[in-house]
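Okay, here's the structure, questions in a sec.
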Amino acid sequence: MRLRKYEIADTEEMMKLFYDTVHEVNIHDYTAEQVDAWAPVNMDIEVWVKSLESNFTYVAEENGKIIGFGELEANGHINRFYCHKDFQRKGVGKKILEQIELKAKFLGVEKLFTEVSITAKPFFEKQGFIVIKKQEIERRGQKFINFVMEKNIKAG
């Protein structure tokens with residue numbers, strides 16, 4: 001596995017990874033209607049490119065195939081963070097998160113924060129994040145439970 005920075009040419013493969021992961025992994029914790037609203041068939045590639053390019057986005061790949069990615073905003077917010085459905089629990093997310101943490105420390109960020117699914121909550125807890133609050137959000141007419149989590153990374 002190798003980690004590298006995002007390139008525009010990665011976008012479609014990342015969107016497919018996101019779609020497949022939500023529909024085949026997160027479906028265990030959410031309804032079909034919820035995952036359809038979360039990861040719809042028709043996603044806007046321009047919206048993805050704009051977001052991925054404007055943040056610090058890291059891609060994990062193996063044998064030329066993208067197996068995970070994570071997106072860090074300059075304020076310490078982790079936006080998108082997904083691992084390929086066939087590469088769950090294999091250390092991919094941990095490696096991406098380590099890179100995000102290094103970058104955040106370099107930027108002088110003292111705290112990482114994110115909103116995670118029911119599915120992702122155990123992973124983030126294992127990486128030292130704590131739940132700040134459980135919340136209900138709405139996306140495309142569907143209500144979802146997720147968790148606001150954070151991790152203090154202040155040096156010293």
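Would you check if there is a residue in region 111-118 being part of a loop (DSSP other than H, G, I, E, B) and under 20 Å from Leu3 (Cβ atoms)?
No, every residue in region 111-118 fails to be part of a loop (DSSP other than H, G, I, E, B) and under 20 Å from Leu3 (Cβ atoms).
Of the conditions (1) surrounded by fewer than 21 Cβ atoms within 10 Å (Cβ to Cβ); (2) under 19 Å from Phe18 (Cβ atoms), Tyr82 fails just one. Which one is it?
Only one criterion in (1) surrounded by fewer than 21 Cβ atoms within 10 Å (Cβ to Cβ); (2) under 19 Å from Phe18 (Cβ atoms) is unmet by Tyr82, namely (1).
Take the residues of region 111-141 that are surrounded by fewer than 12 Cβ atoms within 10 Å (Cβ to Cβ) and either closer than 16 Å to Leu72 by Cβ or among the basic types (Lys, Arg) (or both): which is nearest to the chain's Cα centre (by Cα)?
Per the stated criteria, the residue is Lys126.
Only one residue in Ile100, Ile67, Ile8 is among the aliphatic types (A, V, I, L, M) and in contact (Cβ under 8 Å) with a residue 60 or more places away in the chain, so which one is that?
Details: Ile100 fails: in contact (Cβ under 8 Å) with a residue 60 or more places away in the chain; Ile8 fails: in contact (Cβ under 8 Å) with a residue 60 or more places away in the chain.
None of the other options fit; the residue is Ile67.
Return the pair list, or none, for Cβ contacts closer than 7 Å from residues in region 19-36 that are closer than 15 Å to Glu138 by Cα to residues that are among the β-branched types (Val, Ile, Thr), at least 6 apart or on different chains.
Once the first residue is closer than 15 Å to Glu138 by Cα and sits in region 19-36, its partners that are among the β-branched types (Val, Ile, Thr) give Val35/Val22; Val35/Ile27.
The conditions are (1) within 25 Å of Lys151 (Cα to Cα); (2) surrounded by fewer than 15 Cβ atoms within 10 Å (Cβ to Cβ); (3) modelled with pLDDT of 95 or more; (4) basic (Lys, Arg), and Lys65 fails exactly one of them. Which is it?
(1) is the only condition that Lys65 fails.
While we're on this one: Please indicate, with yes or no, whether at least one residue in region 116-131 is aromatic (Phe, Trp, Tyr) and in contact (Cβ under 8 Å) with a residue 24 or more places away in the chain.
Looking through region 116-131, at least one residue is aromatic (Phe, Trp, Tyr) and in contact (Cβ under 8 Å) with a residue 24 or more places away in the chain.
Is there a residue being within 17 Å of Asn26 (Cβ to Cβ) and either in contact with a strand residue (DSSP E or B) (Cβ under 8 Å, 6 or more places away or on another chain) or of a type in the set (D, E, K, R) (or both) anywhere in region 95-113?
No: region 95-113 contains no residue that is within 17 Å of Asn26 (Cβ to Cβ) and either in contact with a strand residue (DSSP E or B) (Cβ under 8 Å, 6 or more places away or on another chain) or of a type in the set (D, E, K, R) (or both).
OK, next. Among the residues of region 1-47, which ones are assigned to a helix (DSSP H, G or I), touching a Lys or Arg at 6+ places or on another chain (Cβ under 9 Å) and more than 21 Å from Leu97 (Cα to Cα)?
His23, Glu24, Gln34, Asp36, Ala37, Trp38
When you scan region 127-137, do you find a residue that is modelled with pLDDT of 95 or more and under 21 Å from Leu3 (Cα atoms), even just one?
Looking for residues that are modelled with pLDDT of 95 or more and under 21 Å from Leu3 (Cα atoms), one finds at least one in region 127-137, hence yes.
The values are calculated or read from the model by the stated rules, or taken from the named source; none is laboratory data. Predicted model only: the values in this text are computed from it and were never measured. FYI the Cβ positions are ideal-geometry reconstructions off the backbone, even for glycines, and counts take in every protein chain you see.
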